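Written out below as structure tokens is the structure these notes cover.
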Amino acid sequence: WRQYHANIGHKWSTKINQRFTDTIMEIEPEKTHHESVSCNFYGGVSFVLGMITGTFSALLCKMAYDTKSYGIDGTEKAFAKPIMMLLLMFTGMVPAIFIWMIQQYFTPLDKRDQLSARTMAVLIIPSICDLLCTLLLLVAQLYITASMWQMMRGSIIIITALLKRGVLGHRLKRHMWLGVGIITVAMMLVASTSFFGGPEEGSGEGSKDPRVGILLVLVGCLAQGVQYVFEEKVMAVDNAPPLVVIGCEGLWGTLLTLLLVYPLAYALPGEDGGRFEDPWDALAMVRHSASLQRLVPLFVLFVTGYNCMAVYVTSFLSAIWHAIMDNFRPVTIWGCDLLIFYVLLPHQGFGEAWVPASWLQLGGLLVLFLGTAVYNGSVCVFSDVGPGPEEQPLREGPGTQGGWIKTPADMASPSLMKSPLMHRQERAGHALEMHPAQGHYSSLAMSRDV
């Protein structure tokens, strides 16, 4: 078969392999690999921890911004240090590579991942893009509440889908176009709340214009969408496990922030003691505030936990659970923000108050849920729902038609909201998983993915 594969050429061998695989799947469908929608113990623990760490990583960042402390000049001010939070976020991503090393230590030699120094070096490219995108998003959080910030990040689905259609030529079916339209309406509803009334109580810096924050989120999501399309079109590092991608981007991001971003921020003029951001002032504020001394390490810990749990949720469960976790983060963040403002830390400048415009934001959240469901094909509105013969389905249930997400894997919302370097390897990893009842047919399914 190998000699035949080499002689006949890539085009015809692909067609034969496709027909051969389809025949096997048609004869013995129970032997093909699918992710389970059911929740096992490890998957359930990963999902719960992912929800907790994902929620509190956003809340802790906002609480740090709203915390007041004394800087090197002796004046009390809010901890408005987005570059310091960027450095802390990248620092929280670095331990992922050590967790991967521990996993490899307990993995048999013949099943360990192969990783080259070249792959780790190439990952500096997405790290640079990620640095710019994340910095914009962190600056945006200075201007808007954590709940609005998380909801507006749903615009990444619109941006990435349209970029994939325009740049990569991916097909958008009718239900996907409708989903994009509904999500756009949801973003407009959420963003319109910034035009009603003054700054929201509990938002910390009351003089900041939330419309600036919304604009920064949209620009950050646009840059992130460009990054994802660039990675899918240009980069080929499919052999990098997701934890390695996270750890390397954290490592490169930490070095770039320390050696490039912070020196530039220190040299450029701004409102932070005459500089754009003064790292020594940030360290002084942390030293003078017991609250910041608790919030900073907790933020790093929760960033580490969320990045790792997001990988484990997809590994132990499926992409559908990752989508649920992403879609419900605005709910948990908003709920906890209200709880902090009214119950846990009332009248201390933390959390978010319920104002008349919150009803409009709630409507935008519900429309966002509907738009995501329509885009993913979970709500059938057209007959073209489901992947075509040349498209790879998202393996999230017992059969494509019975699954919850019927949009093709590379265009489904879980894939649009994270780097292609992540979801390519996750899908390949699922296809390679072996089961006594599956034999070698799982690897045949993987050959179609590749």
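Among the residues of region 288-305, the ones that are open to solvent by 40 Å² or more (accessible area, probe 1.4 Å), touching a residue at least 24 places away in the same chain (Cβ under 8 Å) and closer than 19 Å to PRO95 by Cα come to 3 in all.
Quick check: anything in region 308-328 outside any helix (DSSP H, G or I), among the polar types (S, T, N, Q) and crowded, with 21+ Cβ neighbours inside 10 Å? Working first, answer last.
If we filter region 308-328 for residues that are outside any helix (DSSP H, G or I), which is where we start, we get 317-318.
From the residues that got through so far, the ones that are among the polar types (S, T, N, Q) too are 318.
With crowded, with 21+ Cβ neighbours inside 10 Å added as a condition, the list becomes 318.
Yes, region 308-328 contains a residue that is outside any helix (DSSP H, G or I), among the polar types (S, T, N, Q) and crowded, with 21+ Cβ neighbours inside 10 Å.
Of all the numbered requirements in (1) on the phi > 0 side of the Ramachandran plot; (2) at pLDDT below 90, GLY74 misses one, and that requirement is (2).
Can you find even one residue in region 271-292 that is over 14 Å from the mean Cα position of the chain (by Cα) and within 30 Å of PHE369 (Cβ to Cβ)? Within region 271-292, not a single residue is over 14 Å from the mean Cα position of the chain (by Cα) and within 30 Å of PHE369 (Cβ to Cβ). Scanning region 107-154 for residues that are open to solvent by less than 10 Å² (accessible area, probe 1.4 Å) and at pLDDT below 90 returns THR119, LEU123, PRO126, SER127, GLY154.
Residues that are more than 17 Å from the chain's Cα centre (by Cα) and in contact (Cβ under 8 Å) with a residue 24 or more places away in the chain within region 45-67 comprise LEU60, LYS62, MET63, ALA64, TYR65, ASP66, THR67, listed in sequence order. Do the conditions hold for ALA96, that is, is it in contact with a strand residue (DSSP E or B) (Cβ under 6 Å, 6 or more places away or on another chain) and touching a residue at least 24 places away in the same chain (Cβ under 8 Å)? Considered against the rule, which asks whether it is in contact with a strand residue (DSSP E or B) (Cβ under 6 Å, 6 or more places away or on another chain) and touching a residue at least 24 places away in the same chain (Cβ under 8 Å), ALA96 comes out as no. For region 68-96, the set of residues classified as within 17 Å of TRP280 (Cα to Cα) and either open to solvent by less than 10 Å² (accessible area, probe 1.4 Å) or within 21 Å of the chain's Cα centre (by Cα) (or both) consists of SER69, GLY71, PHE79, LYS81, PRO82, ILE83, MET84, MET85, LEU86, LEU87, LEU88, listed by residue number.
Given the condition open to solvent by 20 Å² or more (accessible area, probe 1.4 Å), touching a helix residue (DSSP H, G or I) at 6+ places or on another chain (Cβ under 6 Å) and either of a type in the set (S, T, N, Q) or at pLDDT below 85 (or both), answer yes or no: does some residue in region 364-372 qualify? No: region 364-372 contains no residue that is open to solvent by 20 Å² or more (accessible area, probe 1.4 Å), touching a helix residue (DSSP H, G or I) at 6+ places or on another chain (Cβ under 6 Å) and either of a type in the set (S, T, N, Q) or at pLDDT below 85 (or both).
I'm trying to understand the selection: among the residues of region 266-285, which are surrounded by fewer than 20 Cβ atoms within 10 Å (Cβ to Cβ) and among the aliphatic types (A, V, I, L, M)? Once the filter is applied, which keeps residues that are surrounded by fewer than 20 Cβ atoms within 10 Å (Cβ to Cβ) and among the aliphatic types (A, V, I, L, M), region 266-285 yields ALA267, LEU268, LEU283, ALA284. For region 314-346, give me each residue that is among the aliphatic types (A, V, I, L, M) and at pLDDT 85 or above. Residues satisfying the conditions are VAL331, ILE333, LEU338, LEU339, ILE340, VAL343, LEU344, LEU345.
The values are calculated or read from the model by the stated rules, or taken from the named source; none is laboratory data. These numbers were taken from a predicted model, which means no experiment stands behind them. Cβ: placed from backbone, ideal geometry, glycine included. Neighbour counts: every protein chain shown. Each accessible area value is taken on the protein alone, full model and side chains, heavy atoms only, with ligands, DNA and RNA left out. Shrake-Rupley method; radii C 1.70, N 1.55, O 1.52, S 1.80 Å.
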